[in-house]
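In what follows, a single structure is set out as structure tokens and then discussed.
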Amino acid sequence: MPPAHTGAPVIAGASTSSFQDLKTNTPEGREPGRPGYRRMTLALFAAGLATFALLYSTQALLPAISDGFGVTAGQASWTVSAATGALALFVLPLSALSERFGRTRMMTWSMAVAVGVGLLVPFAPSLEWLVALRAVQGAAIAGVPASAMAYLAEEVEPKALVGAIGLFVAGNSIGGMSGRLITGWAAQLGGWRAGLLAVGLMALACAAAFLVLLPRARFFRPASLDPRAVGRTVAGHLRDPLLLRLYGIGALFMTVFGAVYTVIGYRLVDEPFSLGQGVIGSIFLIYLVGTVSSAAAGQLVARAGRRGALYLAVTTTAVGLLLSLSDALAAVLLGLVLITAGFFAGHAVASAAVSRTATSGRAQASALYQSAYYLGSSAGGTLGALAYHSAGWAATVGIALLAVLGVVSITLYGSHAARAERRMPAPAVAAR
């Protein structure tokens, strides 16, 4: 049986230290401050921007889509949930293909298909067609996130990994912000179809920048496409208690975020706010806060530790949810700021921890995280919309607070498990 693929090539005669030296002592060294690192992070920033803008392109337009097709909030929310659900289903098989055909090739083809579908989405003749096209788009996008994280784990020095992933997540936040901002104002000027076309064109420009900037992979080594080997790798990850906790944390954080941002447009277009579509789109400038908090996640972990950073993230998110219950627009906006900051910080910490915890099959480990994360988004969006339709914003906040409580419970359990393991005798720990 061949050895498990570790995500890095085996170099004959090279020790671990000499291999790490090779990673840094090259003309295109990929550590902070070197040209290769800057090109890499800019390319993946562009990829994150494009994919998040496309993935959530209908979210700010849900009230307009509801009016255009004469459907409820719950029905319109499927234009978001179909994309995120398809991403969750396809991210694992596409990550396995990336182990064979390469991270850069997988990201390139995924972005090409996603952008191509994005240029067709504005012309969907019915809600059913729109949901179907969005599902195809989500499946295509699935090739980017896990491949990107595995690419960074292989190409970037370990000490710089959290920061590099934080910048990729920052691209996600700006993509989510700019996509909603562009669609909101374009929709106000020309309808929701014009909004979707505008974000498709923006994603096309980002995809071109990605192709120009992305450096070739130096440390990728193709692995076989043996389904049994992939199954063993996935089963091993699912038996790892720490990885399971991280997957749960990612899913619950995204449940909060999916519920809030799927429904917030409906709340702001209704009384007592009665905001226009363009102004609602501008609300998503708050995503800039997520850009800062995700990029700063590495420093936060260095100061407070992973669990300390997660506690701070969930506390910030919970306070924001409670503030959002107010009927004062300023309080709602401040609540959205805190929710966004807490979510992106928690996501960056958890996703980086997955990449560092998995010593083999990194693409599958990241893919499982992404599956859990986007299933959380689908669940949050659907449940949040149904709750709002049934009992208003307070019910949506209640769903989100339950998810926050879940993150706290998992993190507390992790802290307890870590303390118990430290108290175990050394032979017993080795036996595990």
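The values are calculated or read from the model by the stated rules, or taken from the named source; none is laboratory data. What you are looking at is a predicted structure, and each value in this text was computed from that prediction instead of being measured. Cβ sites come from the backbone with ideal geometry, for glycine too, and all protein chains shown count toward neighbours. Quick note on the areas: whole protein, heavy atoms, side chains included, nothing else; ligands and nucleic acids left out. Shrake-Rupley method; radii C 1.70, N 1.55, O 1.52, S 1.80 Å.
Tabulated values for the structure
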{"item": "Search result, residues across region 11-49 that are touching a Leu at 6+ places or on another chain (Cβ under 8 Å) and modelled with pLDDT under 50", "result": "ILE11, ALA14"}
{"item": "Tabulated pairs, region 241-264, first over 17 Å from SER294 (Cα atoms) and basic (Lys, Arg), second in a helix (DSSP H, G or I) and modelled with pLDDT under 90, C-beta under 7 angstrom, 6+ apart or interchain", "result": "ARG245/GLY414"}
{"item": "So LEU243, is it touching a His at 6+ places or on another chain (Cβ under 6 Å), crowded, with 17+ Cβ neighbours inside 10 Å and either within 24 Å of THR411 (Cα to Cα) or modelled with pLDDT of 80 or more (or both)", "result": "yes"}
{"item": "Tabulated pairs, region 139-163, first basic (Lys, Arg), second open to solvent by less than 10 Å² (accessible area, probe 1.4 Å) and at pLDDT 70 or above, C-beta under 9 angstrom, 6+ apart or interchain", "result": "none"}
{"item": "Test set (1) open to solvent by less than 20 Å² (accessible area, probe 1.4 Å); (2) β-branched (Val, Ile, Thr); (3) out of contact with any Ser or Thr (no Cβ under 8 Å at 6 or more places or on another chain) - THR316 fails condition number", "result": "(1)"}
{"item": "Only listed residue being over 14 Å from TYR261 (Cα atoms), hydroxyl-bearing (Ser, Thr, Tyr), open to solvent by 10 Å² or more (accessible area, probe 1.4 Å) and outside any helix (DSSP H, G or I), chosen from SER390, SER326, SER371, SER409", "result": "SER326"}
{"item": "Scope region 50-62; condition at pLDDT 85 or above and either open to solvent by 10 Å² or more (accessible area, probe 1.4 Å) or polar (S, T, N, Q) (or both); matching residues", "result": "THR51, SER57, THR58"}
{"item": "Residue tally, condition surrounded by fewer than 24 Cβ atoms within 10 Å (Cβ to Cβ) and of a type outside the set (Ser, Thr, Tyr), over region 251-276", "result": "9"}
{"item": "Any pair with Cβ under 7 angstrom, 6 or more apart, that starts in region 390-417 at a residue that is farther than 19 Å from GLY376 by Cβ and ends at one that is open to solvent by less than 50 Å² (accessible area, probe 1.4 Å) and of a type in the set (Lys, Arg)", "result": "TRP393/ARG267"}
{"item": "Residues of region 398-419 satisfying the condition of being within 21 Å of the chain's Cα centre (by Cα) and not small (Gly, Ala, Ser)", "result": "ILE399, LEU401, LEU402, VAL404, LEU405, VAL407, VAL408, ILE410, THR411"}
{"item": "Residue in region 268-276 that is farther than 24 Å from TYR413 by Cβ, among the aromatic types (Phe, Trp, Tyr) and without any contact (Cβ under 8 Å) to a residue 60 or more places away in the chain present", "result": "yes"}
{"item": "Residues satisfying the stated conditions in region 396-406, i.e. closer than 16 Å to ALA313 by Cα and either open to solvent by less than 60 Å² (accessible area, probe 1.4 Å) or of a type in the set (Gly, Ala, Ser) (or both)", "result": "ALA400, LEU401, ALA403, VAL404, GLY406"}
{"item": "Among the candidates ALA187, ALA217, residue that is touching a helix residue (DSSP H, G or I) at 6+ places or on another chain (Cβ under 9 Å), small (Gly, Ala, Ser) and either farther than 30 Å from GLY281 by Cα or without any contact (Cβ under 8 Å) to a residue 24 or more places away in the chain (or both)", "result": "ALA217"}
{"item": "Of all residues making up region 256-276, the number that are more than 22 Å from THR84 (Cβ to Cβ) and not aliphatic (A, V, I, L, M)", "result": "6"}
{"item": "Yes/no for SER415 being open to solvent by less than 10 Å² (accessible area, probe 1.4 Å) and modelled with pLDDT under 90", "result": "no"}
{"item": "Residue within region 278-288 that is farther than 17 Å from THR340 by Cα and either open to solvent by 40 Å² or more (accessible area, probe 1.4 Å) or not basic (Lys, Arg) (or both) present", "result": "yes"}
{"item": "Residue pairs meeting the criteria (Cβ under 7 Å; at least 6 apart or on separate chains; first of a type outside the set (A, V, I, L, M, F, W, C), in region 333-347; second modelled with pLDDT of 90 or more and open to solvent by 20 Å² or more (accessible area, probe 1.4 Å))", "result": "GLY335/LEU323; GLY342/THR316"}
{"item": "Top-ranked residue in region 347-359 [being in contact with a helix residue (DSSP H, G or I) (Cβ under 7 Å, 6 or more places away or on another chain) and among the polar types (S, T, N, Q); ranked as most open to solvent (accessible area, probe 1.4 Å)]", "result": "THR357"}
{"item": "Flag if VAL91 is in contact with a Ser or Thr (Cβ under 6 Å, 6 or more places away or on another chain) and β-branched (Val, Ile, Thr)", "result": "yes"}
{"item": "Within region 169-217, tally of residues that are out of contact with any His (no Cβ under 9 Å at 6 or more places or on another chain), among the aliphatic types (A, V, I, L, M) and farther than 18 Å from PRO122 by Cβ", "result": "10"}
{"item": "Hits in region 176-186 - residues which are aliphatic (A, V, I, L, M) and at pLDDT below 85", "result": "MET177, LEU181, ILE182"}
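Rundown of residues vs (1) of a type outside the set (A, V, I, L, M); (2) at pLDDT 85 or above; (3) touching a Lys or Arg at 6+ places or on another chain (Cβ under 6 Å); (4) in a helix (DSSP H, G or I), yes/no style:
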| residue | (1), (2), (3), (4) |
| --- | --- |
| LEU201 | no, yes, no, yes |
| ALA205 | no, yes, no, yes |
| PHE210 | yes, yes, no, yes |
| ARG216 | yes, no, no, no |
